[in-house]
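Rule-based calculations on the coordinates, nothing more; no lab input. This is a predicted model, so every value here is computed, not measured. Here the Cβ is made from the backbone with ideal geometry for all residues, glycine too, and neighbour counts use every protein chain on show.
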Amino acid sequence: MTMRRRHPKVGICVIRIEAQRSGTLITLQENADIEQISTARTSVKADIDAAVAAVREFLRSFTDSAGCAEGREPGQPDPA
């Protein structure tokens, strides 16, 4: 028997960028479920393209695991 959540799944991705003499340091803190702190992950990137790719992958993974329909406007009801 599968229990259904009372509240929608909520994830968070924090991007911190720091200017350094040698370039930029980008720290990503990702958590696909804020109710489970054990799922949090931190990664460090020096390359902007790599950081953007990591955020894109986090968003895709989150929407897939939450069963979200990509491209829907916020607040629209789930399709029947």
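A few points about this structure:
- Within the stretch 10-73, GluC sites (Glu not before Pro) in DSSP loop having at most 14 other beta-carbon neighbours inside 10 Å: GLU35, GLU70
- Here the calculated FRET efficiency for SER43 and GLU18, from their Cβ-Cβ distance with R0 = 22 Å, stands at 0.95, rounded to the nearest 0.05.
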